[in-house]
Amino acid sequence: MQTELTFEQLENFSRKWRENPDKLVFQASIMKNGIKAATENPTSKVSIQPVFSHEVATDKVSNQQQSGRCWMFAALNTFRHKLNGTLGLKDFELSQNYTNFWDKLEKANYFLEKIIETASEDEDSRLVSWLLDTPQQDGGQWDMLVSIIEKYGVVPKFAMPETFQSGKSADLNHLLNERLRTDAVILRKAFTEKKDTAGLKEEMLAEIYQLLVMTLGEPPKVFDFEYRNKDNEFKQELQITPKDFYERYVDMDLKNYIPLINAPTKDKPFNQAFTVDYLGNIVNGTPIKYLNVEMDALKKAATDQIKDGETVWFGCDVGQLSEKTTGIMDTDIFLLNQTFGFKTAMTKAERLDYKHSMLTHAMVLTGVNVANGEVNRWKVENSWGEKIGNNGYFVASDAWMDEFTFQVVVHKKYLSKELIEAFNQEPIALKPWDPMGSLAL
């Protein structure tokens, strides 16, 4: 039987509040300054210094601006660190707009294919409703970027620079999703009337292509790459294709990289491979696939890769216990329990199960600090520009990593034979709305 909130209970709540006059100081500070500013822990800020025993040399941070392309920026940053180190370039970036164009076009095709596939279901079915909630968006995951690279390659930023809408994507996403939902109406009707859906879809994609060209520009088929190397020697390569550019200058075999996740929920056993239904961008592209591992195994692989001089793509819940002005991510950065008197808390698994946490953002791990044989903090390259954090770089405590990091991508040489074999097994398919299928923004 449900019970309503009574006035007697309200009086008891008020009486308990008045019995603790010390809280008035906290109340005054919070009401004037806000929760985070009033509860910020100075001890945490002092103890988490931006100094690291092992660090990969990197350039100034990139800036995704007002868009949700963090996963793309993070992946391209791992590529450019390798390229810049090899060629001796400074602050060189790969075009995020180029990969963004192809991602959006491919997501449109992926969505329309799924609409045709589910056309026999009611529009209020959970699956169709889920598809229609967000036909496409800026976010994504590592394997989706791999699909783009393998099909389209990459180009330097100068070959396809940012535009107004690439950096401020809300209007483009709104218009694109309006067109895709309109197309969904037409395709579902055509399916019911047994009309040609393939021909209709091609016309729709031509319209989407035009929209993307007008807002993001048309991707180059070839471009000239001219630069001076670390020895100040002039180098020139004319009319190179995006795929050739990736193979010659980035030259990372992405098939050797394995996404590891830490999802300690009952439905996801460790050392088991997983995929997510209806998650992707390129039809028949690289499938989404992870290996669920213990957190210690995930962190060890990431640490070993950093120690060998290679940065690590990782996905986390960046908004949890994170102070972006100084760039500190720590479980003790805010004294919330002490201030409000909270006596209970959720575990990492419970936060996933009860919708309080998921992968929301991707960044790059570029350093670790080892003290007494243990890692105690991590250097993080963000993609929010240089005005926050330490010139755009953040520091995460190891405790924060344990609680709010869900994924890293590492070369398979940093994994045991047993873990590689576990990854190669047939994956268990998760539902589309599983938190492991959330897209990094």
Pairs where the first residue, in segment 327-344, is on the phi < 0 side of the Ramachandran plot and the second is buried (at least 20 other Cβ atoms within 10 Å of the Cβ) and in a loop (DSSP other than H, G, I, E, B), C-beta under 7 Å, 6+ apart: I328/I48; M329/L321; D330/I48; D330/L321; T331/L321; I333/L321; F334/L321
Output for segment 189-224, where each listed residue is in contact (Cβ under 8 Å) with a residue 60 or more places away in the chain and of a type in the set (S, T, N, Q): T192, T197
Limited to segment 43-83, what total is found for residues that are touching a Phe, Trp or Tyr at 6+ places or on another chain (Cβ under 8 Å), assigned to a helix (DSSP H, G or I) and surrounded by fewer than 19 Cβ atoms within 10 Å (Cβ to Cβ)? 0
Provide a single number: the residues in segment 200-213 that are touching a helix residue (DSSP H, G or I) at 6+ places or on another chain (Cβ under 9 Å), more than 15 Å from A119 (Cβ to Cβ) and not acidic (D, E). 6
Go through N262, N292, N281 for me and flag whichever is without any contact (Cβ under 8 Å) to a residue 60 or more places away in the chain, surrounded by 14 or more Cβ atoms within 10 Å (Cβ to Cβ), in contact with a Phe, Trp or Tyr (Cβ under 8 Å, 6 or more places away or on another chain) and not acidic (D, E). N292
Flag for T215 being within 18 Å of Y110 (Cβ to Cβ), part of a helix (DSSP H, G or I) and of a type outside the set (A, V, I, L, M): no
Could you tell me which residue of segment 126-140 is farthest from E237 (Cα to Cα), considering only residues that are part of a helix (DSSP H, G or I) and of a type outside the set (S, T, Y)? R126
Name the single residue that is surrounded by the fewest Cβ atoms within 10 Å (Cβ to Cβ) among those in segment 141-177 being in a helix (DSSP H, G or I), polar (S, T, N, Q) and under 18 Å from the mean Cα position of the chain (by Cα). N173
Could you tell me which numbered condition D138 fails, if it satisfies all but one of (1) surrounded by fewer than 22 Cβ atoms within 10 Å (Cβ to Cβ); (2) more than 22 Å from E203 (Cα to Cα); (3) modelled with pLDDT of 95 or more? (1)
Of S416, S383, which residue is buried (at least 22 other Cβ atoms within 10 Å of the Cβ) and either within 30 Å of Q136 (Cβ to Cβ) or modelled with pLDDT of 95 or more (or both)? S383
Working carefully through the options W400, W433, find the one that is among the aromatic types (F, W, Y), outside any strand (DSSP E or B) and surrounded by 20 or more Cβ atoms within 10 Å (Cβ to Cβ). W400
D251 - would you say it is closer than 25 Å to V146 by Cα, modelled with pLDDT of 95 or more and either surrounded by 12 or more Cβ atoms within 10 Å (Cβ to Cβ) or in contact with a helix residue (DSSP H, G or I) (Cβ under 9 Å, 6 or more places away or on another chain) (or both)? no
Of everything in segment 84-113 that's charged (D, E, K, R) and within 23 Å of the chain's Cα centre (by Cα), which residue is farthest from L205 (Cα to Cα)? D91
Residue satisfying all of: in segment 88-97; touching a Lys or Arg at 6+ places or on another chain (Cβ under 7 Å) and either farther than 30 Å from K168 by Cα or touching a residue at least 60 places away in the same chain (Cβ under 8 Å) (or both); surrounded by the fewest Cβ atoms within 10 Å (Cβ to Cβ) among these: G88
Step by step: first the residues of segment 278-294, then only those that are assigned to a loop (DSSP other than H, G, I, E, B) and out of contact with any helix residue (DSSP H, G or I) (no Cβ under 8 Å at 6 or more places or on another chain), then the one that is nearest to Q136 (Cα to Cα). Which residue is that? N284
Counting only residues that are under 12 Å from R188 (Cα atoms) and not basic (K, R), how many does segment 99-148 have? 12
Taking the condition part of a helix (DSSP H, G or I) and surrounded by 12 or more Cβ atoms within 10 Å (Cβ to Cβ), does D183 pass? yes
Out of the residues in segment 224-246 meeting the condition of being acidic (D, E) and over 15 Å from F158 (Cα atoms), tell me which one is surrounded by the most Cβ atoms within 10 Å (Cβ to Cβ). D244
Can you run down the residue pairs with Cβ atoms below 9 Å, 6 or more apart or on separate chains, where the first is in segment 119-142 and farther than 23 Å from Q407 by Cβ and the partner is of a type in the set (S, T, Y) and surrounded by 15 or more Cβ atoms within 10 Å (Cβ to Cβ)? A119/T197; S125/T118; L127/T118; L127/Y278; V128/T118; L131/T118; L131/Y278
Residue list for segment 324-364, restricted to those being in a helix (DSSP H, G or I) and more than 20 Å from T265 (Cβ to Cβ): L336, N337, Q338, T339, F340
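The values are calculated or read from the model by the stated rules, or taken from the named source; none is laboratory data. Owing to the predicted nature of the structure, the values given are computational and were not obtained by experimental measurement. FYI the Cβ positions are ideal-geometry reconstructions off the backbone, even for glycines, and counts take in every protein chain you see.
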